[in-house]
Amino acid sequence: MTVTDPRPDVEDAVRAGLDELRPALDALGLPTEGLTDHLRFEADLATAVADADVVQENGPERVEVKRELWATIERAAPDHALFATSTSGIPASEIATALRRPERLVVGHPFNPPHLVPLVEIVPGERTAEETVERARAFYTALGKKPQVLRKEIPGFVANRLQSALFRECVHLVAEGVVTEAELDEIVTSSIGLRWAVAGPFRTFHLGGGPGGLPHFLSHLGSRMEHGWRGLGTPSFDEPTLARLTEQAREAFGARGVAELAAERDRAQIALMRALAEARANEARADA
């Protein structure tokens, strides 16, 4: 695997980062012996991709920068190489205008922290070939990920849009003084966070509809829920809101460093993933 980046300390940064991730990878049962043995670092982008089978670009979230990167990559990479761009919301169609063969490019968007969270959103552009999509799906699946192919391009894709929609209401509730940040986090992790880790929103409400499932839920409670949407908040990050969020963040998290909190999150995330995997394996055995 070849890593290329313009920053002069990229090798030290990557090796240090992998050392930090090693305990989580060990806990997941992934092989970590010789983790960096096959890493190669190359400052020149064209040289770095010259023999690549897959190019995963994780450059800045600016379309003009990505276009420049991909124009260079296409000139230098082999014709068979799979092209995947990681972006939080730029459509592949906008980036692929820099390519002579836009059918080669697909969005491959992981979810943070990518070494733990299995989702990768694969988003084809208007001219992305079906072969490219299937190769991307196979590639990420082979890495142990759970790729989902989106059926059409949309700004922000799916996971980030959902995250943003929920966070908007979180900001509104804290800004209005309904709850504090710490209280809201506790509410989410003690309710919908647990539910949605096991069953997503649609399955959750399907189960909430009793024997009639989702159709009964929507006919019985859908209009009331729709009426409630009108009262959802539309906050802005103005100075008073930023001040409140910042102060409460200091109160809730300031006593502990980000690295310590991240390690705690990773341990809990791994425990949850193990529990879910065991539950699903037991269900599969019961159905066999």
Antiparallel content of DSSP bridges confined to the chain, in %, to 5: 30 percent
Alpha-carbon Rg with Dmax, taken over the chain, Å: 22.0, 61
Globularity index of the stretch 106-256, i.e. its alpha-carbon radius of gyration over 2.2 N^0.38 Å: 1.29
P(r), alpha carbons of the stretch 190-269 - 10 Å bins starting at zero, rounded %: 14, 23, 29, 25, 9
Mean-position separation - Cα centroids, the stretch 213-231 and the stretch 13-86, in angstrom: 45 Å
Accessible surface, per residue, of the chain when the full set of protein chains is kept, probe 1.4 Å, Å²: 64 Å²
Gained length - Leu143 relative to Glu264, 0.36 nm times residue gap less alpha-carbon distance: 41.1 nm
Accessible surface of the chain, 1.4 Å probe, proportion on carbon and sulfur as whole %: 56 percent
Check: the stretch 1-140 dipole with +1 on Lys, Arg Cβ and -1 on Asp, Glu Cβ, in debye: 360 debye
Under the Karplus curve 6.51 cos²θ - 1.76 cosθ + 1.60, θ = phi - 60°, whole-Hz ³J(HN,Hα) for the stretch 279-288, x wherever Gly or Pro sits: 4, 5, 5, 5, 5, 5, 5, 5, 7, 6
Karplus (6.51, -1.76, 1.60) ³J(HN,Hα), θ = phi - 60°, over the stretch 113-125, in Hz, Gly and Pro reported as x: x, x, 6, 10, 6, x, 5, 10, 8, 9, 10, x, x
Equivalent ellipsoid semi-axes - Cα gyration tensor, the stretch 1-104, angstrom: 27, 15, 14
Nonlocal amide H pairs with Thr2, under 5 Å, H built at 1.01 Å: Arg40
Gyration tensor (alpha-carbon) shape descriptor, the stretch 117-176, a/c threshold 1.5: oblate
Lys145, Lys66, reordered so the largest accessible area comes first (probe 1.4 Å): Lys145, Lys66
Under 5 Å, built H, 5+ apart or other chain: amide partners of Leu82: Val54, Val55
Farthest toward positive dipole pole in the stretch 41-145 [+1 Lys/Arg, -1 Asp/Glu at C-beta], among Pro78, Phe41, Val133: Val133
Sequence-distant residues sharing a close amide H with Val149 (under 5 Å, placed H): Ile122
Under Karplus coefficients 6.51, -1.76 and 1.60, residue-wise ³J(HN,Hα) of the stretch 12-26 in Hz, glycine/proline x: 4, 5, 5, 5, 5, x, 5, 4, 5, 7, 4, x, 5, 5, 4
Shape call, the stretch 149-237: gyration tensor on alpha carbons, a/c limit 1.5: prolate
Globularity ratio of the stretch 76-127, using Cα Rg and 2.2 N^0.38 Å: 1.20
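The values are calculated or read from the model by the stated rules, or taken from the named source; none is laboratory data. Fair warning: this is a prediction, and the values are worked out from it, not measured in the lab. When we count neighbours, we look across all protein chains shown, and the Cβ atoms used for this are built from the backbone with ideal geometry, even at glycine. Remember, those area values only see protein heavy atoms, side chains included, never the ligands or the DNA or RNA. Shrake-Rupley method; radii C 1.70, N 1.55, O 1.52, S 1.80 Å.
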